[in-house]
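Values quoted throughout were computed directly from the atomic coordinates according to the rules given, and no laboratory measurement underlies them. This structure is a prediction, so every number in the text was calculated from the model and none was measured. Positions of Cβ are generated from backbone atoms using ideal geometry, with glycine treated the same way; all protein chains shown enter the neighbour counts.
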Amino acid sequence: MFTSGVVLGITMVDLTEHESRVFDLIKQNPEILGSKQARTKIASDMGMSEKTLRNRIGDLRRYGLLDETSRKQESTTPSITQSGSNELNQSTYVMAWVIASVASLAIFIIYF
């Protein structure tokens, strides 16, 4: 599977080809973040459903690549997160993943 990376602060976020395509769409058409009509039209033009586009936008928000304040703004142009502004959220996510992985490994070693 093809993935592309986006550098956010000091953290590298691997995006699937589909996520990368949606990220590029948002850069070219930032109005899709706040307007269902714009999302529907662009999704249709790109051969996907509005729901799929909305889900990928949600994924990019979870990764910290999109500014959360843009979620409900329809009249202003939403912005893509500047590098480093969500570093704490990314670091917290990575730390939780590491702790869960180590805990899973410890349980595996203990029981097997």
In nm, to one decimal, how far is the modelled label at LYS41 from the one at ARG62, with both set 7 Å along Cα→Cβ? 3.0
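Can you order the peptides 54-67, 92-105, 32-45 by their average number of other Cβ atoms within 10 Å per residue, highest first?
On the way: 54-67: 18.5, 92-105: 10.5, 32-45: 16.6.
Going from most to least packed, we get 54-67, 32-45, 92-105.
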Once you put a point 7 Å from the Cα of ALA103 and another 7 Å from the Cα of LYS27, both along the Cβ direction, what distance in nm separates them? 3.7
Along segment 20-28, Karplus-curve 3J(HN,Hα) (6.51, -1.76, 1.60; θ = phi - 60°) to the nearest Hz, with x for Gly and Pro, reads 5, 4, 5, 4, 5, 4, 5, 4, 7
